[in-house]
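Below are the structure tokens for one structure; questions will follow.
The values are calculated or read from the model by the stated rules, or taken from the named source; none is laboratory data. Source: prediction; values computed, not measured. Cβ placement follows ideal geometry from the backbone for every residue including glycine, while neighbour counts extend to all protein chains displayed.
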Amino acid sequence: MAKIYSNASPKQHNLNPKDETIGFLLNYSKALSVINYNKLKFEALLN
Amino acid sequence: MKTELIQDAELVTNYINGNESALSVLIERHKQKIYSFIYSKVYDRDVTEDVFQDTFIKVIKTLKRGKYNEEGKFLPWVMRIAHNLVIDHFRKNKRMPKFHNTGEFSIFSVLSDSTLNAEKVLIKDQVETDVRRIIEELPEDQKQVLLMRMYQDMSFKEISERTGVSINTALGRMRYALINMRKVIEQNNIVLTN
């Protein structure tokens with residue numbers, strides 16, 4: 001019987017993003033505001 | 001399942017109406033699924049982190065611009081954005097392949113200074129002079145074809161037109177030119193390596 005030389009890729013469960021990434025996204029969301037002006041939309045990023 | 005979908009839709013509406021904490025709940029609820037999905041495609045934690053972040057930046061922008069119109073299908077929508085960004089990542093990587101430095105492998109084995117040093121320049125000049133000398137020894141018709149092909153970069157069709165012989169004759173002369181050159185090199189033990 002032929003040998004299988006490849007290893008089964010380890011199954012990774014419960015993969016989660018870093019807390020910093022989540023923090024960045026929440027802060028980004030708070031800082032971003034979209035201004036509507038005559039059918040135009042402007043993005044403003046407030047720090 | 002249905003309750004969760006309704007909740008997602010509600011959270012999205014709340015978020016669009018200015019409730020920032022709704023986004024936090026949405027991310028918290030779906031982060032593992034989305035993150036694992038991206039990881040299953042790219043197999044790199046750093047890239048996964050980047051794609052995950054870009055996915056939600058797109059989600060945030062779309063929601064804030066009021067362009068989201070798939071109520072009740074929040075997760076499939078986010079998954080589709082993630083999927084498109086994964087494809088973008090692979091497209092970008094194809095244009096610009098990345099070398100991974102995994103301890104044993106050093107990037108400097110791939111990157112090298114391709115400019116020749118003084119010794120190599122001398123050897124290259126010597127080799128080129130030797131080759132020129134051998135070419136000079138060839139019969140005139142063979143020499144002519146070889147010079148046109150190798151130094152003037154002409155096609156065999158052009159050579160045949162210029163010399164007034166058929167393409168087959170030009171090909172034959174080239175073949176004999178190379179055979180004769182190899183013979184001379186072997187007979188005289190000439191080393192032509194850089």
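Which one of these is in the same structural domain as B:E140 (by TED's automatic domain parsing) and under 17 Å from B:E140 (Cβ atoms): B:S166, B:S155, B:S160?
Just one listed residue meets the conditions, B:S160.
Determine, yes or no, whether B:E10 is surrounded by fewer than 18 Cβ atoms within 10 Å (Cβ to Cβ), farther than 15 Å from B:R80 by Cα and facing another protein chain (nearest Cβ under 9 Å).
no
Condition test on A:N7, is it away from every other protein chain (no Cβ under 11 Å), modelled with pLDDT under 90, within 30 Å of B:S36 (Cα to Cα) and more than 20 Å from the chain's Cα centre (by Cα)?
Taking the combined requirement at face value, the residue satisfies it.
So how many residues does segment B:29-58 have that are within 19 Å of B:Q7 (Cα to Cα) and either of a type in the set (V, I, T) or more than 8 Å from every other protein chain (Cβ to nearest Cβ) (or both)?
4
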